[in-house]
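One structure is given here, and the rest of the page talks about it.
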Amino acid sequence: MTQSPPRAWAEIDLAALQHNLRIARERSGQEVMAVIKAGAYGHGLVEVAKALDPEKLPFLGVANAGEARRLYEAGIQTRPYILGATLPAEREEIAARGWTPCLCSLEEMEHFNRLGQNSPISAHLALDTGMGRGGFLPQQVGTALEKLKTCPGIILTGVGSHLPVADEDPAFTRSQFELFDSLAESIPQQSSPFHIHLENSAGLLDYQSRSTNLIRPGLLLYGISPLPEHQALIRPVMSLKSRVSVINHLPAGHGVSYGRTLLTRDTKAAVLGLGYGDGYPRALSEKNAQVLINETLCPLLGRVTMDQIIVDVTDLSHCQAGDEATLFGKDLLVSELAEKSGSIAWELLTQITPRVERIYR
Ligand SMILES: *Cc1c(COP(=O)(O)O)cnc(C)c1O
């Protein structure tokens, strides 16, 4: 007996990931912290970390201690960096494992200082230059540095900040770069290397810092540009796929899916075995979304259901049950679907559910 193949799967092109990493390095001339939080944006935390481990990156960016622990348990050598403030209950494990936190408050400093009494903890200083999600405000940096002088349990090995509008507001982002550069230059570098980092994907594509030596790309590594004009530089890593289970010949006036969207013509309606239960957004219903079947873009019909969607293949010369369909990938960008569904590529990628088997190439 052979095992049935999955109805919906995601092909992960690890060569494309390597290509995108090379582009990030070349374009910035800086070292890379690969941001692999949220299961590497749905691409598979451990598999992506394994593919990146031989690159000897200084850090892999994760969201919390749980993600860092999965890397540790998988034997990943690259050091996890915890993006964002830590919870008190996470800090003992972070300190014991040598993961790098970013210090966002005096309370965090005091706690890590205590935990580092016997063996000092390497940590970065987080600055809030506009994101409002954690870190010291410019006027608090002096106090933070004074506090650090009283913390022998902490070795400051870097400083970072984050960009809230690098793909939306160039004037603000330019002023933020200027502010961060001058703050970073005022901080004494007590270690070598000392990592200075600000740029996410949009930041590294469109801006130049005079202080940073490390970038923190996420989306760009997965081959999607937050700025469409740079899309040609990189290659999408994930292709979401499914198969036609049946083709129904339906007359004009017949309803399709929940809510009964009425057909305006006699229609060949192909059913695909994937739906919002796989992470294909229900918000794409009635939004002129398309699906790629046999190299042709076919309109989505009616509402997305939990396990199945219906696609108009009337104008396809060849289409039969079993044919492969691409929901997004190289020739149909997830960023375009995101726009149609009123979301963003980051959300669509991270919401692909565990039911979708990841297949690595
Ligand atoms: C998620 C995240 C990134 C990566 O952002 P992209 O836009 O995906 O490149 C970088 N830095 C921080 C602090 C983040 O939280």
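Worth pointing out:
- Rounded if a/c under 1.5, otherwise prolate or oblate - segment 14-224, Cα gyration tensor axes: oblate
- Cα-Cα over 26 Å, subset of 37/241; 268/340; 37/147; 241/268; 37/149: 37/147; 37/149
- Straightening the chain between residue 178 and residue 254 buys 21.3 nm, computed as 0.36 nm per residue apart minus the Cα-Cα spacing.
- Binned Cα-Cα distances of segment 238-360, short to long, each 5 Å bin given as a whole percent: 2, 12, 23, 26, 21, 11, 5, 1, 0
- If R0 equals 41 Å, the separation of the Cβ atoms of residue 261 and residue 4 corresponds to a calculated FRET efficiency of about 0.85.
- For the pair residue 143 and residue 15, a Förster radius of 35 Å applied to the C-beta separation gives a FRET efficiency near 0.15, rounded to the nearest 0.05.
- Full-stretch length increase - residue 191, residue 27 - with 0.36 nm per residue and alpha-carbon distance subtracted: 56.4 nm
- Percent carbon-and-sulfur accessible area, the chain, ignoring ligands, DNA and RNA, probe 1.4 Å: 50 percent
- Take the chain with all the other protein chains still there, run a 1.4 Å probe, and you get 45 Å² of accessible area per residue.
- Subtracting the Cα-Cα distance of residue 168 and residue 351 from their residue separation scaled by 0.36 nm leaves 63.5 nm.
- When the chain is reduced to its Cα atoms, the Kirkwood hydrodynamic radius in Å: 22.2 Å
- In the chain, the longest principal axis of the Cα atoms and the axis of helix 170-186 are about 30 degrees apart.
- The chain - share of DSSP beta bridges that are antiparallel (%, nearest 5): 50 percent
- Angle between the chain longest axis and helix 14-28 axis [Cα atoms, degrees, rounded to 10]: 50 degrees
- Note on residue 208 and residue 232: their simple-model spin labels are 2.2 nm apart, each label 7 Å out from Cα toward Cβ.
- Charge dipole (debye, nearest 20) of the chain; +1 at Cβ of Lys and Arg, -1 at Cβ of Asp and Glu: 580 debye
The values are calculated or read from the model by the stated rules, or taken from the named source; none is laboratory data. Keep in mind it's a predicted model, so treat the numbers as computed, not measured. Reconstructed Cβ throughout: ideal geometry from the backbone, glycine too, with neighbour counts over all protein chains shown. Only protein heavy atoms, including side chains, enter the accessible area calculation; ligands, DNA and RNA are left aside. Shrake-Rupley method; radii C 1.70, N 1.55, O 1.52, S 1.80 Å.
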